[in-house]
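Notes follow the structure.
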Amino acid sequence: MQIRTMREYATKRDWEIAVQIKEVGSGAVERELREKLMAAARRREIDVVLVWRLDRWGRSLADLVLTLKELAELGVGFVSLTEALDLTTPTGRAMAGLLSVFAEFEREILRERIRAGIAEARLKGTRFGRPLTAAKKAGQIRKLYRAGFSKAEIARRLDIGRTSVRRILG
């Protein structure tokens, strides 16, 4: 039904269908066919991307805005039938601007949540960064060094980097 309706729409607009893609797998992270379509847009082989719904094109608002921006920069139009979003018109381009505002808002909300979560974790004593490895062996490092082993030999024996050994002994 979707393909038939989109074909009829393209015919009414006197568009020639250059590529037709039917991608299945709603949760796919890698969307191979969409990437092929974007590659065709980059090669200037297509003028307009026609989709049934926006969620068929972008998996998140940020992804949607990013790809719509790239298409606009390439001079490729974008039409979503169900939402009546036609970026080939001035009104449609204004709507795309609103979408980008909401995408930025979504990113800012996410950043705030992440910062709040990190702050809360720090208050609870959670340590961030790389795990301590060489520092746990500081006693052994000093003991071996006092026993006359070279820094390189200590690093080999304890399976840690020479720089870590020098840092602890410094």
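The values are calculated or read from the model by the stated rules, or taken from the named source; none is laboratory data. Computed from a predicted structure; not experimentally measured. Here Cβ is always computed from backbone atoms with ideal geometry, including for glycine, and neighbour counts include all displayed protein chains.
Data overview
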item	result
Single match in Arg43, Arg53, Arg59, Arg31 (criterion: modelled with pLDDT of 85 or more, out of contact with any Phe, Trp or Tyr (no Cβ under 7 Å at 6 or more places or on another chain) and not acidic (Asp, Glu))	Arg43
Filter pass, Phe128 being exposed (fewer than 10 other Cβ atoms within 10 Å of the Cβ) and among the aromatic types (Phe, Trp, Tyr)	yes
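Residues are listed down the side, and each one gets a yes or a no for (1) surrounded by 12 or more Cβ atoms within 10 Å (Cβ to Cβ); (2) within 18 Å of the chain's Cα centre (by Cα); (3) assigned by TED's automatic domain parsing to the domain that holds Arg34:
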{"residue": "Leu66", "(1), (2), (3)": "yes, yes, yes"}
{"residue": "Lys69", "(1), (2), (3)": "yes, yes, yes"}
{"residue": "Val76", "(1), (2), (3)": "yes, no, yes"}
{"residue": "Val79", "(1), (2), (3)": "yes, no, yes"}
{"residue": "Glu83", "(1), (2), (3)": "yes, no, yes"}
{"residue": "Gly92", "(1), (2), (3)": "yes, no, yes"}
{"residue": "Glu108", "(1), (2), (3)": "no, yes, yes"}
{"residue": "Arg111", "(1), (2), (3)": "no, yes, yes"}
{"residue": "Ala116", "(1), (2), (3)": "no, no, yes"}
